[in-house]
Amino acid sequence: MPEPNQLQPLLNALVEVKCILNKVLSNQDTDGKIVPVIVQPPRAVRGRTYEIPIKTTATLIAAANSKRANILIVNGGAATVYVGFDDTVSVTGSTNPGTALLAQSEMGNDTYVGDIYGIAVAAGVTLSVWEEYLE
């Protein structure tokens with residue numbers, strides 16, 4: 001006889017939660033009609049743009065900002081910049097490789113509010129930054 005699945009109680013609970021969420025998200029009114037739920041993210045009320053030269057050592061691109069709503073980083077240069085979350089970011093193949101921001105490309109984020117660092121594979125790269133935040 002096979003042993004009972006130890007995860008079955010958890011699966012049963014998840015199914016119950018799913019059923020409850022379906023009822024909540026369908027937002028049915030008393031007539032049984034489905035009422036749409038529209039969720040809009042908060043709008044940024046302030047912003048700033050700036051350029052920052054990136055060195056071949058870790059360089060702070062954007063300081064932590066708990067009110068940051070969005071950030072866009074554009075690499076208009078000719079070399080790749082590796083982007084990470086702290087000053088230990090390094091180029092590929094190193095101990096803490098960042099995410100590659102290729103030459104003539106961009107990356108954005110609308111959830112992360114911590115420090116952002118970059119390190120260039122070659123000197124002479126300047127990044128353009130667009131940052132929006134709430135007051």
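Structure above, values below:
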| item | result |
| --- | --- |
| Residues whose placed amide H lies under 5 Å from that of Asn70, excluding near-sequence neighbours | Glu132 |
| For segment 46-133, with +1 on Lys and Arg beta carbons and -1 on Asp and Glu, the positive-most of Ala123, Ala63, Val83 along the dipole | Ala63 |
| Order of Ile73, Ile119, Ile52 - criterion: other Cβ atoms within 10 Å of each residue's Cβ, fewest first | Ile52, Ile73, Ile119 |
| Estimated inter-spin distance, Arg46 and Ser66, nm [label 7 Å along Cα→Cβ] | 1.4 |
| Gain in span if fully extended, Thr92 to Gln104, counting 0.36 nm per residue against the direct Cα distance | 2.5 nm |
| Projected label distance in nm at Glu3 and Phe85, using a 7 Å step from Cα toward the beta-carbon | 3.5 |
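Every number here is computed from the coordinates shown, using simple stated rules; none is lab data. Worth saying up front: this structure is predicted, and the values here are computed from it rather than measured. Don't worry about glycine lacking a Cβ; one is built from the backbone with ideal geometry, like all the others, and counts go over all protein chains shown.
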